[in-house]
Amino acid sequence: MKTFVRQHEASIQGVLSGFDRVRFRGTLRSISYADGLLKWLCFLKVLLVAFKAFVEGTSRKLRLATERLAKTTAVGKVVYLSGPCDKQKVVDDLMLRHGIGANVTGLIAVLSCVENCRSFELHKNGEVGKLELRSAFRKCLHYYLYLRHPRFGMMHVRIMTWFPMQVQICLNGREWLARQLEAAGISYQRRDNSFCWVADFARAQELFDEQGQTDWPTVLSGVLREYHPEFAALHAELQLRDYYWTAEQTEVATDVAFRSEAELQPLYRRLLRHAIENLSSADVMRFLQQRLTKSGAIDGRFHGEVVSDLKTRKEGTRVKHRLGKNSVKMYDKFGVVLRVETTIHEAEGLKVYRPKESDPEKPLAWQSLRRGVADLYRRCELSRQSNEAYLEALSVVECPATLESLATPASASLEKGDRRYRGLNLLSVEDRLLLKAIQRGEYTIAGFRNRDVREKLFGPASNRAEVKKHSGQMTRRLQLLRAHGLIQKVPKSHRYRMTDQGRKLASAVAYANDCSLKALSQAA
């Protein structure tokens, strides 16, 4: 990302990176599965034949308590939604209709609707002649509590009225940052959930980073107790433990605020074209920290799908790369903010450096990333790395240097120590293919090895002698590139990375090679 920012620093006001939308899920783990629910019913001495009446009675208590809560708001009642709709727009209309200003904090509105959920059903097992509980998909009433929190700003709480009574809490990191900036006395200009200008970007980023140090279980459980105290009392009555909180979906965005629309838009058109035409499926998997083969290719055992698409919205034009339920996308927010955003819904395949959960005394090792909020800091870290790698991959698009200024130094022979190195012949197939091979997107983060590139140039070797021959040839070529300052060694490894100069030269040669004479003459 540093290359991209340095390249356009004259047009950039600042950069902010942190949470956008975060959705937490609260689960009562003791009753989230059929056997656990059965044990809890036995503890309360509730027979299975009375299960339906017991659940309906509990649900009725929750509905009555929520209706009483809704009467304390300016709206004065629960607003029922009969079908799918934009709930935030409904709340905005209610605030306008009831004169609820931007300075009002607390509970604003309560919405209700029937939605799908995973719950439990009672079945008769014919083989043993007994009733049993089974997990099943069904529909039940859900409440949405929209509130303006003094610390987090606008957010909502979703409550399921049927067992296992899961809850969701959704907040926005930009809303939160706005309150942090106001408390710190830092001026800003904001459109929707993006900051077009901040008086002190460096201090704003420090405040953004502080969000990751939050004690999430305490804060989220506290929100439930504060804004729906009767719901918390019902839990105590049923002798249920506190919720176990997981990060169901996180969005971490890196915003590059440009000084004007005139400076971003010409660049953004080229960025869109590069993202669609040049970023491969392997690049997307690399950005999202998914495992590839040693050569940087997609593993043959991978049976998923990577999809890239382009869409225009009211905020701007966006390109989105999806891998399962995770994605990385880029769009121009209102024409002046370049946003790259990574969304993580599935934690599978991601790693965190921690001890084993079953044995905390063991040494630290790379373990699977958990959905629990204990690993939320790592999820944020991986998302920011994805954003930065994406911007770094885009840094090749706009370069003020000419092909001549880049090619002339590399084309001249030079001496280093007691060795003489030839200049690159950028018109020769050999040198052009070499630059093309090391420019591949999957090498942006981890770099490349001798073996990775030689397989691209020479193909798989048929015997050990051929491997040795190709390895020697590749070593000499890498030494040549290193002598010209086009690649550099990754410390304490056998890997190399392209330097800024190398990336610019390789991109310039690739673009010039793909252009027609007419296009070149027009550009000149």
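The values are calculated or read from the model by the stated rules, or taken from the named source; none is laboratory data. Just so you know, these numbers come straight off a predicted model, no measurement behind them. Positions of Cβ are backbone-derived with ideal geometry, glycine not excepted, and every protein chain shown enters the neighbour counts. In case anyone asks, the SASA skips ligands and DNA or RNA and just uses the protein heavy atoms, side chains included. Shrake-Rupley method; radii C 1.70, N 1.55, O 1.52, S 1.80 Å.
Between R420 and A510, the contour length at 0.36 nm per residue exceeds the Cα-Cα span by 29.7 nm. For region 316-360, the list of GluC sites (Glu not before Pro) that fall in a loop by DSSP and count at most 16 other C-beta atoms within 10 angstrom reads E346, E348, E357. The stretch between F137 and D92, if pulled fully straight at 0.36 nm per residue, gains 13.0 nm over its current Cα-Cα span.
Of the accessible area of region 41-112, computed with a 1.4 Å probe over protein heavy atoms only, carbon and sulfur atoms account for 58 percent. Computed from the Cβ-Cβ distance with R0 of 45 Å, the FRET efficiency linking N125 to R291 stands at 0.60. Among 34-42, 383-391, sorting by the average number of other beta carbon atoms lying within 10 angstrom of each residue, highest first, gives 383-391, 34-42.
Rounded to 0.05, the FRET efficiency of the C85 and E466 pair, given R0 = 56 Å and the Cβ-Cβ distance, is 0.30. Figure legend: label point modelled 7 angstrom from the Cα of T214 along Cα→Cβ; residues of region 143-182 with amide N under 13 Å from it are 149-157, 169-180. Take each peptide in 429-438, 19-28, count the other Cβ atoms within 10 Å of every residue, and average; sorted highest first, the result is 19-28, 429-438. If r is the Cβ-Cβ distance from T312 to R259 and R0 is 30 Å, what FRET efficiency results, to the nearest 0.05? Computed FRET efficiency for T312 and R259: 0.80.
Over its Cα atoms, what ratio of radius of gyration to 2.2 N^0.38 Å does region 114-270 give?
Taking the Cα Rg and dividing by 2.2 N^0.38 Å, one obtains 1.46.
Rounded to two decimals, the Cα-based Rg/Rh of region 213-283, with Kirkwood Rh, is 1.32.
The trypsin sites (Lys or Arg not before Pro) of region 238-345 meeting both criteria, a DSSP state outside H, G, I, E and B (loop) and at most 12 other C-beta atoms within 10 angstrom of the site's C-beta, are R241, R291, K294, R301, R313, K314, K325. The three principal axes of the C-alpha atoms in region 7-159 carry coordinate ranges of 75, 47, 29 Å, sorted with the longest axis first.
If the chain linking S358 and E346 were pulled fully straight, counting 0.36 nm for each residue of separation and taking away their Cα-Cα distance, it would gain 2.1 nm.
Amide H to amide H distances under 5 Å link F334 with G316, where only residues 5 or more positions off or on other chains count and H is placed in the peptide plane. For region 46-130, the square roots a ≥ b ≥ c of the C-alpha gyration tensor eigenvalues yield an a/c of 1.5 or more together with a/b exceeding b/c, which makes the shape prolate.
Surface calculation, 1.4 Å probe, protein heavy atoms: Y243 sits at approximately 30 Å² accessible. The heavy atoms of R225 present about 120 square angstrom of accessible area, all protein chains included, probe 1.4 Å.
Summarising the overall dimensions of the chain from its C-alpha atoms, the Rg and Dmax are 28.4, 90 angstrom. For region 1-83, the set of GluC sites (Glu not before Pro) satisfying both a DSSP loop assignment and a count of at most 16 other C-beta atoms within 10 Å is given as E9. The mean accessible area for residues of region 243-309, using a 1.4 Å probe and ignoring ligands and nucleic acids, is 47 Å² per residue.
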